[in-house]
Amino acid sequence: MRSIAVFSVKGGVGKSALAVNLAHAAATLSARRTLLWDLDTQGAATYTLRLAARGDLSARKGIAEGELAPLIQASDFPALDVLAADKSLRHLEKQLVEAEKARRLKKLIRAFDKDYDRVILDCPPGLTELADQVFRAVDLLVVPMLPSPLSERAYAQLLDHLAKHHKWSPTGTAPAILPVFTMVDRRKALHRDTIAAHPERLCIPYAAAIEAMATTRLPVLVKSPTAPAARALAALWTQVERVLTKLA
C-alpha cells in the first residue's frame, strides 16, 4: 500500500478537485483499491463524490480511538471508497497537539494496508500540526500550485519547513514531492513565463470541465473523458504511479 497527500500551503489552488480526480484515476485507470480520506473540514472531496458525512459518527472521534472503518463509505465507482470529512475535524488540530502522538496519522494509514493499494489524503491548507503528521505518514506529496510568484513562494516555504523540521532533502526517501501547476491559463504572460521556468512540471489547465465538478459531482474522466483537462489529469496520475514505483 502507498499513501499520497494532496497538500498545499495556500488554499484556492484546486486541491480537492485534484484529490478526487487522482483517487478516481487510481481506482479506474490503475485498478487500485483506493481510499480517498477527506481531512478538510469543508468536505469538498466528499461532496464531489456525492457522499455526506454520517450524522451518527464523528471523524475526529474515529481518529482519536483508531476506529475509522465505520466511517468509510463506498462511492459510485468500483474500488473507490471515501472516508468522509465532517465538522468535528475543526477540533482535530487541538486533539493532535494534546495527544502528543506525533505519528498517530501514520499508524492509522498503515492500518489500511490489507484493504487498500492506494490511500489518498485531501488535506487542509497550511503548515499545521496536522500537516506535520501528514508529512511523517505519507509516501508522496502532490503539491498543486498556481503558476505565480506567490505560489512559488509558498512552495519554497514548504520545502524549507520540511528541511528544518523533518530532515527532508531532495535526495531523501519520504515523502517524495511532486509539484504540479493547476488552473493554468496560457493566455497569461505570467503563467507562460512561470511554466517556462519549470518545464519539468505537469500542468492542469484552467478548464470548464474541472469547474463543472461542483455541479455534476463527477470526476472529469467520467463527465468529460476526452477534454484536455482529462488528458492532463490522466498524465499526472501516470507520473504519480511512476514515482511510487521508484519508492518500492
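The values are calculated or read from the model by the stated rules, or taken from the named source; none is laboratory data. Values in this document were obtained by computation on a predicted structure and should not be read as measured data. Counting neighbours? That spans all protein chains shown, and the Cβs are built from the backbone with ideal geometry, glycine included.
The residues listed here are LEU159, LEU178; of these, the one that is among the hydrophobic types (A, V, I, L, M, F, W, C) and either farther than 22 Å from ALA17 by Cα or assigned to a helix (DSSP H, G or I) (or both) is LEU159. Quick one: in the stretch 49-82, which of the residues that are among the β-branched types (Val, Ile, Thr) and under 21 Å from ARG32 (Cβ atoms) is modelled with the lowest pLDDT? The residue in question is ILE72. Restricted to the stretch 174-218, and to residues that are aliphatic (A, V, I, L, M) and under 24 Å from SER75 (Cα atoms), which residue is surrounded by the fewest Cβ atoms within 10 Å (Cβ to Cβ)? Within the stretch 174-218, the match that is surrounded by the fewest Cβ atoms within 10 Å (Cβ to Cβ) is ALA208. Residue count for the stretch 31-60, restricted to those that are in contact (Cβ under 8 Å) with a residue 40 or more places away in the chain, assigned to a loop (DSSP other than H, G, I, E, B) and touching a strand residue (DSSP E or B) at 6+ places or on another chain (Cβ under 8 Å): 5. Contact map, the stretch 118-131: residues that are closer than 12 Å to LEU105 by Cα paired with residues that are of a type in the set (A, V, I, L, M, F, W, C) and modelled with pLDDT under 90, Cβ distance under 7 Å, separation 6+ or inter-chain. Pairs shown: GLU129/LEU96; GLU129/VAL97; LEU130/LEU92; LEU130/LEU96.
Just one of the listed residues (LEU121, LEU130) is in a helix (DSSP H, G or I) and touching a helix residue (DSSP H, G or I) at 6+ places or on another chain (Cβ under 9 Å), namely LEU130. Scanning the stretch 153-180 for residues that are more than 14 Å from ARG136 (Cβ to Cβ) and aromatic (Phe, Trp, Tyr) yields a single hit, TYR155. Filtering the stretch 219-248 to residues that are surrounded by 20 or more Cβ atoms within 10 Å (Cβ to Cβ) and not in a helix (DSSP H, G or I) leaves only PRO219.
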